[in-house]
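Written out below as structure tokens is the structure these notes cover.
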Amino acid sequence: MQQSARSTLDAKVPAGRLQDKWDAYKDTVGLVSPANKRKRTILVIGTGLAGGSAAATLGALGYQVKSFCIQDSARRAHSIAAQGGINAAKNYPNDGDTIWRLYYDTIKGGDYRSREANVYRLAQVSGNIIDQAVAQGVPFAREYGGLLANRSFGGAQVSRTFYARGQTGQQLLLGAYQALSHQIAAGQVTMLPRREMLDLVVVDGHARGVITRNLVTGQLERHLGDAVLLSTGGYGNAYYLSTNAKNSNVTAAWRCYRRGAYFANPCFTQIHPTCIPVSGSYQSKLTLMSESLRNDGRVWVPKDSQDRRAPHRIPEEDRDYYLERRYPSFGNLVPRDVASRAAKKECDAGRGVGDTRLAVYLDFADAIGRLGQQAIRERYGNLFEMYERITGENPYEVPMRIYPAVHYTMGGLWVDYELQSTINGLFVLGEANFSDHGANRLGASALMQGLADGYFVIPFTLGAYLSGTRVDKQVTVDHDAFREAESSAQGRLLALLAVKGDKTVTEFHRELGRLLWNDVGMARTRAGLEEAIDSIAALREEFWGRVRILGENNTFNKDLEFAGRVADFMELGELMARDALARKESCGGHFREEYQTTEGEALRNDRDFAHVSAWEHTGSNSTPVHHQEALAFETVELTRRSYK
Amino acid sequence: MAERMTIHLSVWRQAGPDAPGRLVDYTVEDASEHMSFLELLDVLNEQLVGRNEEPVAFDSDCREGICGSCGVMVGGIAHGPQRRTAVCQLHVRTFSDGDRIVVEPFRARAFPLVKDLVVDRSAFDRIIAAGGYVSATTGGAPDANALPISKRAADEAMDYAACIGCGACVAACPNASASLFTAAKVVHLSLLPQGHVEADRRVMAMVDQMRQEGFGDCSNHAECEAVCPKGISIAGIARMRRAYVRAALR
Ligand code: FES
């Protein structure tokens, strides 16, 4: 049943022409005076690009900021691992780029499942991000003349991607971290590392605090604030194996969901096509090879599934360059979702390569022949080295083996235009929110969004909230809501330790990952999803009866940390399956086998599904309520994405 | 097919900062050559939990050599024997079947031990907070191309900016000096015009902070460069010293 959007899901998009909305918003939004900023405490959870940039910016504006991260230092958040680059509509190469084009590419790339106004704003502020990063001393790649270098990324027709070797995420994150450090030294930001947020404290409908666990001492702590900013990244680790860092998790977001924040589009996950394949059961995580490799590498498999010859012994005519064959105009540069599904199709048909047969070749022989080994080394040297370190094979001589892996989650907590969730005063930034990438994220857009949210959006929208809200000054950390949240967090930790079962946390996580990968992965069916919902529920029950966690609560206890996260991933996994089941269409990273064209391409259903699904928690034992935010497309025509 | 190996480990176990510590022997029988060294520890931990023994605590996050969370002494070498490789990227194929490997935490006075192989490296954050930034608050930045920067300077700045802050340089240094770490940031920023304005104050404040944290001085052993997973050059330390002296004389 398609019901219309409920009034609770008002995205608060400003009126007016798309191009004018953000300026109009900024012109009229309420401000907080310097004297009042000093009296406001903002809690910022996470120190990745979104959280780090937000905390630094708000501190510099004069707010009292408390910044939290689970790592031992704010410099380590997973944004650091982003390789390829960051998009911005600077049009430095004069190749025809505009804000409109970046906006259009992003909304189309997202398969028309994101909100126009948010995406347009993202494109609008993209240029400021580059200015800001350069001012901080981020060493972007440059041309001989001293100007910034740009490259085309992920099939874009213009060169709008800025990069710092293969370490763009690292350099942008260190820029934000250094700005944050500046504010720490200035006394504007209090940094609390090795802290995990275990609950959100809501007082009279307003987010007023968090409960954190000190991961060294196990101590639970109460923190009071005027607003909470959640910038805790994505939930790709639900699949166990993903390119996410080991500590990336959904717990903070999930706890907010359980306190009333709606979770939007949880089934929109991105499977990245170029990752190093799984090598064995001990595999703890997967490593991405930058998408930029597809600029010069050619993807192929043997034509004959029985062909077990070494790659260099397979002659041209026995190879199938299936992306070039199926998508002549984009070839190896088709978007991520398309490339991933195509690899899966080849492997499902038995044409996969390597020991596990779950891999395809990414071959640089042609490019090396054309440009020479030196040119390839200059472009991808560090990636080739990394590949060799992990696999023990030299990609200058043997084609790389690659396979898709979970990489990014477009879904996340629902937010309005102001990045505010359905809980007043709870703002969600970066990958943790759902807003800008629709059903598929384009390469080099995650860094852009995290920094746009933190540097340039939240300073305005947070001010709007604070200037328009009467925050109850009587509330202290002794308020009942704090007591209740702390004791529920404590209860959960003790319950986990009390199980004293016979299976490790990792065994459960692996099992959950297998279920999600098979049934809520690259291809989904109704039957598979229904089965997944049941199996995950059963696994959850088994978890709470059989998990074994050693050690104590009041010490540094990694297993206990992970156990809490896995428990939340299990609840989320069920919601992902439910969301995938409800979305009876294929779009972006969400491919339902029942809805495809005769050529096997995704078949969108704009009549019934041009909306955001947002789920409301209604209790541990009841099914969540499905809300919708209708997506109105006023400026773009919904076309079928075609890369043929 | 991947080769199976038996690896013997002697791992430093210490329940907390004030508890006594010692090396404990373990054996992983079914290691694969394709495992990373941290995956070997994962497998060991699974086995320990199976036997009702507390798993070995160690830090890691990205497991692709970029976040700097990981870091242990493997066979007496920070991050192990493979050059320019963080321990999360070190693979078991580097070792031989039947090897015994001693695994210990990064040790330094300024890195107090937390548990087993986990140490507290927050001193690094305080060194950065002392001046390892450009005071460019958000907004008001000039156009990114307003100021051309030579490719050479940008590339060289990037060489130093690649530091992942893992602490291997400190662990390898006989003086437990943080000079390579500190120099990496000082030199990265001093190579760029954006960093010039505050260069004098930066180098003085960061070096002073380094000393206050209890790190030693550099006496040119170059052990740091040898273990640095990003191959950061000790030439940076000389530059930092020159900059320090110049700043002190100004
Ligand atoms: S875990 Fe990130 S560098 Fe090793």
Selected residue [away from the ligand (no atom under 16 Å from the Cβ), over 30 Å from B:M73 (Cβ atoms) and in contact with a Pro (Cβ under 7 Å, 6 or more places away or on another chain)] from B:A157, B:A146, B:A141: B:A157
Segment B:47-57 - residue that is open to solvent by 20 Å² or more (accessible area, probe 1.4 Å) and part of a loop (DSSP other than H, G, I, E, B) and, of those, nearest to the ligand (Cβ to nearest atom): B:P55
Flag if A:D355 is part of a loop (DSSP other than H, G, I, E, B) and either more than 25 Å from the chain's Cα centre (by Cα) or of a type in the set (F, W, Y) (or both): yes
Residue count for segment A:525-538, restricted to those that are crowded, with 17+ Cβ neighbours inside 10 Å and touching a residue at least 12 places away in the same chain (Cβ under 8 Å): 5
One residue from A:Y403, A:Y380 being crowded, with 23+ Cβ neighbours inside 10 Å and either more than 29 Å from the chain's Cα centre (by Cα) or part of a strand (DSSP E or B) (or both): A:Y403
Filter result (small (G, A, S) and open to solvent by 40 Å² or more (accessible area, probe 1.4 Å)) within segment B:192-221: B:S219
Selection within segment B:22-46 - open to solvent by 30 Å² or more (accessible area, probe 1.4 Å), over 22 Å from the mean Cα position of the chain (by Cα) and within 27 Å of A:D72 (Cα to Cα): B:R22, B:L23, B:E46
Evaluation of B:P105 against (1) within 16 Å of the ligand (Cβ to nearest atom); (2) surrounded by fewer than 16 Cβ atoms within 10 Å (Cβ to Cβ); (3) closer than 22 Å to A:Q71 by Cβ (one fails), failing number: (2)
Segment B:73-82, residues that are in contact with a Gly (Cβ under 8 Å, 6 or more places away or on another chain) and within 14 Å of the ligand (Cβ to nearest atom): B:V74, B:A78, B:H79
Segment B:22-34 residues that are farther than 17 Å from B:G75 by Cα, paired with ones that are charged (D, E, K, R) and open to solvent by 50 Å² or more (accessible area, probe 1.4 Å) (beta carbon under 8 Å, 6 or more apart): B:D30/B:R4; B:A31/B:R4; B:S32/B:E3; B:S32/B:R4; B:E33/B:E3; B:E33/B:R93; B:H34/B:R93
Only one of A:A123, A:A88, A:A133, A:A117 that is open to solvent by less than 10 Å² (accessible area, probe 1.4 Å), more than 14 Å from chain B (Cβ to nearest Cβ), of a type in the set (G, A, S) and within 14 Å of A:L451 (Cα to Cα): A:A123
Matching residues, segment A:71-92, being under 30 Å from B:A146 (Cα atoms) and either within 13 Å of the ligand (Cβ to nearest atom) or free of Cβ contacts under 8 Å to residues at least 40 places away in the same chain (or both): A:R75, A:S79, A:I80, A:A81
Test for A:L224: is it more than 16 Å from the ligand (Cβ to nearest atom) and surrounded by 24 or more Cβ atoms within 10 Å (Cβ to Cβ): no
A:A464, sole failed condition from (1) in contact (Cβ under 8 Å) with a residue 12 or more places away in the chain; (2) surrounded by fewer than 23 Cβ atoms within 10 Å (Cβ to Cβ); (3) more than 29 Å from A:D10 (Cα to Cα): (3)
Some residue of segment B:175-188 being surrounded by fewer than 22 Cβ atoms within 10 Å (Cβ to Cβ) and in contact with a Lys or Arg (Cβ under 7 Å, 6 or more places away or on another chain): yes
Boolean, A:R583 is within 14 Å of another protein chain (Cβ to nearest Cβ), touching a helix residue (DSSP H, G or I) at 6+ places or on another chain (Cβ under 9 Å), surrounded by 15 or more Cβ atoms within 10 Å (Cβ to Cβ) and closer than 24 Å to A:C256 by Cβ: no
Enumerated strands (runs of 3 or more DSSP E) restricted to segment A:157-228, each holding at least 1 residues that are of a type in the set (S, T, Y): A:189-192, A:206-214
Residue in segment A:293-303 that is in contact with a Lys or Arg (Cβ under 6 Å, 6 or more places away or on another chain), at pLDDT 95 or above, outside any strand (DSSP E or B) and not aromatic (F, W, Y) present: no
Conditions (1) more than 7 Å from every other protein chain (Cβ to nearest Cβ); (2) among the charged types (D, E, K, R); (3) open to solvent by less than 20 Å² (accessible area, probe 1.4 Å); number of the one not met by A:R142: (1)
Boolean, B:V114 is under 23 Å from B:D25 (Cβ atoms) and under 13 Å from the mean Cα position of the chain (by Cα): no
Among (1) modelled with pLDDT under 95; (2) over 25 Å from A:Q136 (Cα atoms); (3) open to solvent by less than 40 Å² (accessible area, probe 1.4 Å); (4) out of contact with any strand residue (DSSP E or B) (no Cβ under 6 Å at 6 or more places or on another chain) - the single one A:L9 does not satisfy: (4)
A:Y361 buried (at least 21 other Cβ atoms within 10 Å of the Cβ), under 18 Å from A:D296 (Cα atoms), at pLDDT below 95 and over 24 Å from the mean Cα position of the chain (by Cα): no
Residues of segment B:61-82 satisfying the condition of being away from every other protein chain (no Cβ under 11 Å), in a loop (DSSP other than H, G, I, E, B) and open to solvent by 10 Å² or more (accessible area, probe 1.4 Å): B:G75, B:G76, B:P81
Single condition B:A146 does not satisfy, out of (1) under 27 Å from the mean Cα position of the chain (by Cα); (2) open to solvent by 20 Å² or more (accessible area, probe 1.4 Å): (1)
Residue in segment B:92-102 that is touching a residue at least 12 places away in the same chain (Cβ under 8 Å), at positive phi and within 11 Å of another protein chain (Cβ to nearest Cβ) present: no
Criterion: at pLDDT 95 or above, over 19 Å from the mean Cα position of the chain (by Cα) and within 17 Å of A:A50 (Cβ to Cβ) - qualifying residue of A:V119, A:V125: A:V125
Looking only at segment A:61-76, and only at residues there that are open to solvent by less than 10 Å² (accessible area, probe 1.4 Å) and touching a helix residue (DSSP H, G or I) at 6+ places or on another chain (Cβ under 7 Å), the one that is nearest to the other protein chains (Cβ to nearest Cβ): A:S73
Among (1) within 30 Å of A:A60 (Cβ to Cβ); (2) open to solvent by less than 20 Å² (accessible area, probe 1.4 Å); (3) touching a Phe, Trp or Tyr at 6+ places or on another chain (Cβ under 7 Å), the one test that A:M522 misses: (1)
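The values are calculated or read from the model by the stated rules, or taken from the named source; none is laboratory data. This one's a predicted model, so the numbers in the text were calculated from it and none came from an experiment. All Cβ positions, even for glycine, are placed from backbone atoms using ideal geometry, and neighbour counts span all protein chains on display. For accessibility, only protein heavy atoms count, side chains too; no ligands or nucleic acids. Shrake-Rupley method; radii C 1.70, N 1.55, O 1.52, S 1.80 Å.
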